[in-house]
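Asks: First the structure, which I've put down as structure tokens, then a few questions once you've had a look.
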Amino acid sequence: MLLDEVKSHYGRLKLLIDGEWVESRSTQIQQDTNPATDEVIAEFPVATHEETIQAIEAAQKGFQKWRNVSIRDRAYMLFTMHGKFREHFEEMCRTLTQDHGRTIDEARGSVARVLENIESACSAIYHMPKENETVLNLANGIDEYLYWEPLGAFLIITPGNIPMHAWSSFVPYALAAGCTVVISPSRQDPIAAETINRVALEAGFPKGVINMVYGGRAVNKEILSHPYIKGVGFIGSNRAGHELFETCGKLRKTSSINGNGKNTVVIMPDADIDTAIPWLLRGCFGMTGQRCLGTDNVVVIGDIYDEVKRKFKEAAAKMKLGYGLETETTMGPYATRDVMQNVLNWTEQALKDGAKMVLDGRTAKVKDYPKGYFMGPILLEDVNVDMPSAKVEAFGAVAALIRGESMDQAIEWINTKTNLGHSACIMTSSGKNARKFTREVNVGNVGVNVGVAQPYAFFPLGSRRDSFVGSAKSRLASMRLFMDEKTVTTRWV
């Protein structure tokens, strides 16, 4: 069944500045396409210098008011925003599918994560008093206490692969802390960004609390360099993220920078293979592989390799390509033609390096959508852990089967062959194996008998090594990004 689109065309998108949707004066107008059809569904402007400064100044002005709103009233507005998101849930999901390409079930899962993050931010508000500390009569007549204050306005940069989920990994927590935001969304899916901010505004936030401009690296650098902006929350590539981190260091600003990954699933001989295969499909091919916690490398230990390969190939070959708004679709298109081309280039290089093709989805076609950015699942084998393809993120629906001799060997590979540390998963029926794996693998997010090691919102995204740099992790831990400590020593005796 094909679900209705929210709109066939969203027109010329506007900027969000000081509580108003503003028609940009920019002459740089870009087009946004539906990845399933390659049809233009919106145009959006690259913000001018003047408009960027207006958004920054609005956020600074809004902060002076928002920081003094009581925590009860801030919580009430976040609860209201949660209700608005539930009210518009299906609209947001269909918009996300139309703009990004994921299936409707994947979109519903993503927007559900948004709701979880808002709930988590609400809980963080009421937890803040517990973070404060007071010591009475520390010395003769001296009392001392510590409390947390919001820092100010922040730049929030959201990526093209998870535009709504990434928004919720920072924005609700910034608002809970008493900070304001200038959001710079990816140019891959601007409609999703417009939608989530429009629904958020229905909660009644004061002017200047939430602002949004389209732009890219030049605009991001301009925003981050402004003295009113106190730091940045970012999810995206290492190249862009580490550049932002260097800027933050020079300007002495706080940051949460989440970058690339190269994630592994280890399948032990005692794993339930029939149960593991659906987890592999989700981890390797879910969201067309465009997720930072998705899996590239599948290390199979022992003599189960041939069985895993056969069943994995059979299951992957049955995935139904199509428009994500068709409820029977299990794998949608890539978000953009460039993303698809990057995956093609990565695959070609892997084959040149010596990998062998097990399942070739490169020429897959979808009859009703001949112009869409579609490729089927790609399954490789004979991948050596020293190949570039075993170390560099594919960021697509590609899985590389790797033969392993032991769990110790697999842990060593994960810990030493790359300096990326998003996630690793193990599939096993042994508690001993699971405990050893979780303790020794040097990544920030570990999964046991799951395909994606995705923490719930009230846990931080615990990435390590080059996959994360900054002063605070995202989600619940980002409260430390947006706030700083102040100690007060008093004597009244």
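The values are calculated or read from the model by the stated rules, or taken from the named source; none is laboratory data. The model shown is predicted, which means the values in this text are computed figures rather than measured ones. Cβ: placed from backbone, ideal geometry, glycine included. Neighbour counts: every protein chain shown.
Asks: Among the strands (runs of 3 or more DSSP E) confined wholly to the stretch 216-312, which include 3 or more residues that are within 19 Å of the chain's Cα centre (by Cα), surrounded by 24 or more Cβ atoms within 10 Å (Cβ to Cβ) and not charged (D, E, K, R)?
Replies: Result: 229-235, 254-258.
Asks: Of the numbered conditions (1) of a type outside the set (Lys, Arg); (2) touching a residue at least 60 places away in the same chain (Cβ under 8 Å); (3) over 13 Å from ILE378 (Cα atoms); (4) part of a helix (DSSP H, G or I), GLN349 satisfies every one except a single condition; which is it?
Replies: Of the numbered conditions (1) of a type outside the set (Lys, Arg); (2) touching a residue at least 60 places away in the same chain (Cβ under 8 Å); (3) over 13 Å from ILE378 (Cα atoms); (4) part of a helix (DSSP H, G or I), the odd one out for GLN349 is (2).
Asks: Quick one: is GLY101 surrounded by 22 or more Cβ atoms within 10 Å (Cβ to Cβ) and among the small types (Gly, Ala, Ser)?
Replies: yes
Asks: Answer yes if at least one residue in the stretch 85-92 is surrounded by fewer than 18 Cβ atoms within 10 Å (Cβ to Cβ) and closer than 25 Å to VAL219 by Cα, and no otherwise.
Replies: No: the stretch 85-92 contains no residue that is surrounded by fewer than 18 Cβ atoms within 10 Å (Cβ to Cβ) and closer than 25 Å to VAL219 by Cα.
Asks: I'd like to check which helices (runs of 4 or more DSSP H) are fully inside the stretch 384-493 and have at least 2 residues that are in the same structural domain as TYR145 (by TED's automatic domain parsing), at negative phi and out of contact with any helix residue (DSSP H, G or I) (no Cβ under 7 Å at 6 or more places or on another chain). Outline the logic, then answer.
Replies: Numbers: elements: 407-416, 431-440, 479-482.
Because the criterion is at least 2 residues that are in the same structural domain as TYR145 (by TED's automatic domain parsing), at negative phi and out of contact with any helix residue (DSSP H, G or I) (no Cβ under 7 Å at 6 or more places or on another chain), the helices (runs of 4 or more DSSP H) in the stretch 384-493 that meet it are 479-482.
Asks: Please indicate, with yes or no, whether at least one residue in the stretch 84-94 is among the aromatic types (Phe, Trp, Tyr) and over 26 Å from the mean Cα position of the chain (by Cα).
Replies: The answer is no; no qualifying residue exists.
Asks: Moving to a separate point now. Take the stretch 27-79 and flag every residue that is without any contact (Cβ under 8 Å) to a residue 60 or more places away in the chain, under 22 Å from GLY215 (Cα atoms) and part of a helix (DSSP H, G or I).
Replies: Scanning the stretch 27-79 gives GLU50, GLN54.
Asks: Which of the strands (runs of 3 or more DSSP E) contained wholly in the stretch 130-184 include at least 1 residues that are without any contact (Cβ under 8 Å) to a residue 60 or more places away in the chain and assigned by TED's automatic domain parsing to the domain that holds ASN238?
Replies: The qualifying strands (runs of 3 or more DSSP E) are 133-139.
Asks: While we're here: Would you check if there is a residue in the stretch 292-308 being free of Cβ contacts under 8 Å to residues at least 24 places away in the same chain and over 23 Å from PRO388 (Cα atoms)?
Replies: Residues of the stretch 292-308 that are free of Cβ contacts under 8 Å to residues at least 24 places away in the same chain, as a first pass: 306.
After this cut, where a residue has to be over 23 Å from PRO388 (Cα atoms) as well, the list is 306.
Scanning the stretch 292-308, I find at least one residue that is free of Cβ contacts under 8 Å to residues at least 24 places away in the same chain and over 23 Å from PRO388 (Cα atoms), so the answer is yes.
Asks: In the stretch 313-341, which residue that is among the aliphatic types (A, V, I, L, M) and part of a loop (DSSP other than H, G, I, E, B) is surrounded by the fewest Cβ atoms within 10 Å (Cβ to Cβ)?
Replies: Out of the qualifying residues, it is MET319.
Asks: Which pairs do you get when a residue that is among the hydroxyl-bearing types (Ser, Thr, Tyr), found in the stretch 376-395, comes within reach of a residue that is in a loop (DSSP other than H, G, I, E, B), reach meaning Cβ atoms under 7 angstrom, with the pair 6+ apart or on two chains?
Replies: The qualifying pairs are SER389/ALA355; SER389/VAL383.
Asks: What number of residues in the stretch 106-128 are free of Cβ contacts under 8 Å to residues at least 12 places away in the same chain and either within 30 Å of PRO333 (Cα to Cα) or not assigned by TED's automatic domain parsing to the domain that holds VAL199 (or both)?
Replies: 2
Asks: Follow-up. Which of the residues belonging to the stretch 342-354 are surrounded by fewer than 21 Cβ atoms within 10 Å (Cβ to Cβ) and touching a Ser or Thr at 6+ places or on another chain (Cβ under 8 Å)?
Replies: TRP346, GLN349, ASP353 - these are the residues of the stretch 342-354 that are surrounded by fewer than 21 Cβ atoms within 10 Å (Cβ to Cβ) and touching a Ser or Thr at 6+ places or on another chain (Cβ under 8 Å).
Asks: Then there is this: Does at least one position in the stretch 316-323 carry a residue that is closer than 18 Å to ASP99 by Cβ, modelled with pLDDT of 95 or more and under 21 Å from the mean Cα position of the chain (by Cα)?
Replies: As a first pass, look at the stretch 316-323 and keep what is closer than 18 Å to ASP99 by Cβ: 322-323.
If we keep only those that are modelled with pLDDT of 95 or more too, we end up with 322-323.
With under 21 Å from the mean Cα position of the chain (by Cα) added as a condition, the list becomes none.
No: the stretch 316-323 contains no residue that is closer than 18 Å to ASP99 by Cβ, modelled with pLDDT of 95 or more and under 21 Å from the mean Cα position of the chain (by Cα).
Asks: Still on this structure: Taking the stretch 5-45 as the region of interest, how many residues are surrounded by 14 or more Cβ atoms within 10 Å (Cβ to Cβ), among the β-branched types (Val, Ile, Thr) and touching a strand residue (DSSP E or B) at 6+ places or on another chain (Cβ under 7 Å)?
Replies: So the answer is 4.
Asks: Follow-up question, since we're still on this one. Looking only at residues in the stretch 462-493 that are in contact with a Gly (Cβ under 8 Å, 6 or more places away or on another chain) and modelled with pLDDT under 85, which one is nearest to ILE118 (Cα to Cα)?
Replies: GLY462
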